[in-house]
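Accompanying notes for the structure given below.
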Amino acid sequence: MDRAEEAGRWSRQLLFMTQSNMDIGIGESKDLVDALTAFLQTRGQYFEAVYNYNVAIAKLDQKTGVVP
C-alpha cells in the first residue's frame, strides 16, 4: 500500500506539471493524456491494493477466530 500511495503522489505531480505546461502553452495534448492515463492507472492500483489488504485481513481474522 505504501508503494501504491507513493506512485499516486508521483503521478499526481506529473499530471500537475503537464497541466501547467499546457496552461502556459509549452505542452502537448498527448503528454496531458499520457499523464492523466498514468494517474488513473495508479489510482486504480491503489484501490486494488486496499481491497487486497482488506481481504487478507478478513481471511486472517477468519482463520484465527477473531470476530471484527
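Each value in this text was obtained by applying a stated rule to the coordinates, not by laboratory testing. Remember, predicted model here, so these are calculated numbers, not experimental data. All Cβ positions, even for glycine, are placed from backbone atoms using ideal geometry, and neighbour counts span all protein chains on display.
Taking 15 Å as the cut-off, the amide N atoms of the range 1-31 that come nearer than this to a point 7 Å along the Cα-to-beta-carbon line of Gln45 belong to 1-15. Grab the beta carbon distance between Arg12 and Gln62, set R0 = 35 Å, and tell me the FRET efficiency rounded to 0.05. After rounding, the FRET efficiency stands at 0.50. A simple spin-label model places the labels of Tyr53 and Asp2 1.1 nm from each other, with each point 7 Å out along Cα-to-Cβ. Mean residue ellipticity, 222 nm, helices only, the chain: the sum of -39500 (n - 2.57) across DSSP H runs of n ≥ 4, divided by residue count and rounded to 500, is -31500 deg cm²/dmol. Here the 3J(HN,Hα) profile of the range 50-62, calculated from phi with Karplus coefficients 6.51, -1.76 and 1.60 at θ = phi - 60°, is 5, 4, 4, 5, 5, 5, 5, 5, 5, 5, 5, 4, 5 Hz, Gly and Pro shown as x.
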